[in-house]
Amino acid sequence: MAKRAQLPKRAGQTSKAQAATRRSTNSWLLFGVIAAVLVVAIGVVVLQMQSVRKPIEVSRRVGEGTAWGPVDAKVQITDYSDFGCSACASFALGTGRRLREEYETSGQVRFQFKSFIIGGPDTANAANAAECAADQGRFWDYHDLLFSKQGVTVDPFNKAALKQYAATLGLDAAQFAQCVDSDQHLEKVYRDASEARGLGVNATPTFFINGEKVDGVLPYADFKARVEAALVATQ
């Protein structure tokens, strides 16, 4: 039996088939790009959540009030900050930690934190709670924890939350609660703020390195250079 001759495809049919193939290919490429973007976005969110939920690393150091370093250190640094200030958090959890790691055991630098309230009653409560933590020798752990809570919840500095942070660090709950509820150190907090205004502080963070005023957050290398220059000047 003779085979039926195969008719050639029309040009229009070939063109339509190729267009359909291209559309299908482009759709898959677009789907692949969207999937890749979603994977990256989800990865970023997961990393952020892990960072927020990362267990607090307790130093176990017993601090001296709200300062680290010896009283008679050659370089005296005072930090006027507010726990609700994002720039203050950036410094505290970055440059501030690096300074402590490098200079705390050197005996050459003393770094003291003082509150300058710009965020209203809530950050004043946070500052009071930090002083309560200092009563139990855990100011710096609590200081870092407070700054890490910025933006995590809508109201991170209400008194119930402040007490929960203390529990996270294993502080004496009854002593801490009494200190927070009675606003035990609030007068000192506002006294520090008044002191700051008298020195010309009008924004946070503001630092004084052996009396020299430094405004805002500097890169670590620049802040360290000022500390080293102050050390040289004392020799």
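The values are calculated or read from the model by the stated rules, or taken from the named source; none is laboratory data. Worth saying up front: this structure is predicted, and the values here are computed from it rather than measured. Note: ideal-geometry Cβ built from the backbone for every residue, glycine included; neighbour counts use all protein chains shown.
Consider region 43-94 and keep the residues that are of a type in the set (K, R) and surrounded by 13 or more Cβ atoms within 10 Å (Cβ to Cβ). The one that is modelled with the highest pLDDT is K74. Scanning region 87-139 for residues that are of a type in the set (D, E) and over 18 Å from F223 (Cα atoms) yields D122, E131, D135. The residues in region 126-158 that are under 20 Å from T66 (Cβ atoms) and touching a helix residue (DSSP H, G or I) at 6+ places or on another chain (Cβ under 6 Å) can be counted, and the count is 15.
Candidates are the residues of region 146-191 that are of a type in the set (K, R) and under 17 Å from G120 (Cβ atoms); the one that is surrounded by the most Cβ atoms within 10 Å (Cβ to Cβ) is K149.
Do you know which of the residues in region 198-235 that are among the charged types (D, E, K, R) and free of Cβ contacts under 8 Å to residues at least 40 places away in the same chain is nearest to A166 (Cα to Cα)?
D215
Listed conditions (1) at pLDDT 95 or above; (2) surrounded by fewer than 16 Cβ atoms within 10 Å (Cβ to Cβ) are all met by I209, apart from (2). Where helices (runs of 4 or more DSSP H) fall entirely within region 135-204, those with at least 2 residues that are hydroxyl-bearing (S, T, Y) are at 139-148, 159-168, 186-198. For region 212-227, the set of residues classified as assigned to a strand (DSSP E or B) and either surrounded by fewer than 16 Cβ atoms within 10 Å (Cβ to Cβ) or among the charged types (D, E, K, R) (or both) consists of E212, K213, D215, listed by residue number.
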